[in-house]
Amino acid sequence: MSLPARWKNKVATADPADEIMELQMGPSHPASHGTIKFNLKLDGERIVDCDVEVGYLHRAFEKMCEQGTWTQCFPYTDRLNYASPCINNVGFALAVERLLGLEITERCKYVRLIMSEVARIADHLTCLGMASSEVGATTVAFYMLEAREFLYDLIEAVTGARLTVTWCRVGGMTHDLPPDFNDRIAASFKRLDSVLSDCDQLLSRNRVFIDRMAGIGIMSKEDAISYGVTGPLLRATGVAYDVRKATPYLVYDRFEFDIPTGERGDNYDRFKMRFDEMYQSKRIIEQAIKAIPEGPVSITDPKVVLPPKEKVYNSIEGLMNHFKLIMEGIKVPAGEVYQAVEGANGELGFYIVSDGSGRPYRVRVRPPCFLGMGALNKMLIGHMIPDIITTFGMINMIGGECDR
């Protein structure tokens, strides 16, 4: 006899005399970072079961990509993990370029890497700032958001936007780094070091913070691998898996950096992972800036890259080239490919299928925080209601990415 589907248990009427209370938390909740719902079963305030419901912010990312051209997908990727959109842009561009068999310029590889790491630090600052606020450390939250502003200023100087950057293109990028970028990033890192030092002193040995984070949401290596979680969630359990090391892309294999790992797999380890990873990202950027070569940041193939605006406005050839690429799209050879990059929350993968036309036949994204949400029930059973907030915060669920 087969067991009833789990969803049928949700509609069953609770026995008023039962000691187990059923409580719905969300989808509108001030501490849930977005529309997420927790169907709780509680013994007093202790969690007996937590059935997590996602899908309240479904963006239709994959189907929208299938309606537009390959180039028109980039604004949609911005809306996945909107705390680090540069990484999303790079991942999708690399996937399409693999199908096309394109080799991008050396400078393009370095610039993409630098901006990906800047975005990773900004993402971690957002996550840790909000997590600090949720346990009452509002001062730390303001410090980290201030540090994030230094990096958003850099992103704006390079891409022209702070959040939804739409910066990458198939075959390159829209803009090179500004002439004063090295000075800007050196000044930003100097201020960032000061802020992180203050936050470290305020939190890392704070008794209240440690009590709220240490020993909460523990997940073993075996469970983490079984659930398919990656990024800081997996590395906190002691597994040193990072896409940048396991399957290097761009020029990550040319630089030295460490993969921080935890020991217990609890919320404190996850917090520490992100903190340590910011220093490693800074280390990568500093090496890349010293080694970055001169040259163009985009290839010149007219079948792939849009012509400069001066050619579009002043020559019939440029106008025709622009028109065909916009209306018909880049003709990507038929085939399929999976390209993974290391997002701020873990392995961000794009699986794309081309039928040879100017539009994707199929687009599928592997969002890292979606896998983390699948494991949340395992992390929460046996803990208290307030532990939902700290554990959920360390998963860093971004609605646009999770529900895509």
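The values are calculated or read from the model by the stated rules, or taken from the named source; none is laboratory data. Because the structure is a prediction, the values reported are computed rather than measured. So basically every Cβ, Gly included, is an ideal-geometry build from the backbone, and we count neighbours across all protein chains shown.
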> Residue check: is M115 assigned by TED's automatic domain parsing to the domain that holds G295, in contact with a Leu (Cβ under 9 Å, 6 or more places away or on another chain), crowded, with 22+ Cβ neighbours inside 10 Å and not in a helix (DSSP H, G or I)?
Replying inline: no
>> Every residue in region 104-147 that is among the acidic types (D, E) and either under 27 Å from L233 (Cβ atoms) or at pLDDT below 95 (or both), please.
In response: E117, D123, E134, E146
> In region 250-271, how many are assigned to a helix (DSSP H, G or I) and free of Cβ contacts under 8 Å to residues at least 60 places away in the same chain?
Replying inline: 4
> Would it be correct to say that F392 is in a helix (DSSP H, G or I), within 21 Å of K272 (Cβ to Cβ) and not acidic (D, E)?
Replying inline: yes
> Tell me, which residue of region 287-300 that is in contact (Cβ under 8 Å) with a residue 60 or more places away in the chain and not in a loop (DSSP other than H, G, I, E, B) is farthest from the chain's Cα centre (by Cα)?
Replying inline: A291
>> For region 352-373, which positions are out of contact with any Cys (no Cβ under 8 Å at 6 or more places or on another chain), surrounded by fewer than 24 Cβ atoms within 10 Å (Cβ to Cβ) and part of a helix (DSSP H, G or I)?
In response: L371
> Of the residues L319, L348, L306, which single one is aliphatic (A, V, I, L, M) and either outside the structural domain of A186 (by TED's automatic domain parsing) or touching a strand residue (DSSP E or B) at 6+ places or on another chain (Cβ under 7 Å) (or both)?
Replying inline: L348
> Among the candidates I389, I316, which residue alone is more than 23 Å from W167 (Cα to Cα), of a type outside the set (S, T, N, Q) and out of contact with any Asp or Glu (no Cβ under 8 Å at 6 or more places or on another chain)?
Replying inline: I316
> Is it fair to say L177 is of a type in the set (A, V, I, L, M) and modelled with pLDDT of 90 or more?
Replying inline: yes
>> Yes or no: region 165-180 includes at least one residue that is in contact (Cβ under 8 Å) with a residue 12 or more places away in the chain, out of contact with any helix residue (DSSP H, G or I) (no Cβ under 9 Å at 6 or more places or on another chain) and part of a loop (DSSP other than H, G, I, E, B).
In response: no
> For region 198-226, what are the residues that are buried (at least 19 other Cβ atoms within 10 Å of the Cβ) and part of a helix (DSSP H, G or I)?
Replying inline: C199, L203, F209, R212, M213, A224
> Of all residues in region 175-197, which are surrounded by 13 or more Cβ atoms within 10 Å (Cβ to Cβ) and among the hydroxyl-bearing types (S, T, Y)?
Replying inline: S188
> Is it the case that region 125-135 has a residue that's surrounded by 22 or more Cβ atoms within 10 Å (Cβ to Cβ), closer than 30 Å to S197 by Cβ and touching an Asp or Glu at 6+ places or on another chain (Cβ under 7 Å)?
Replying inline: no
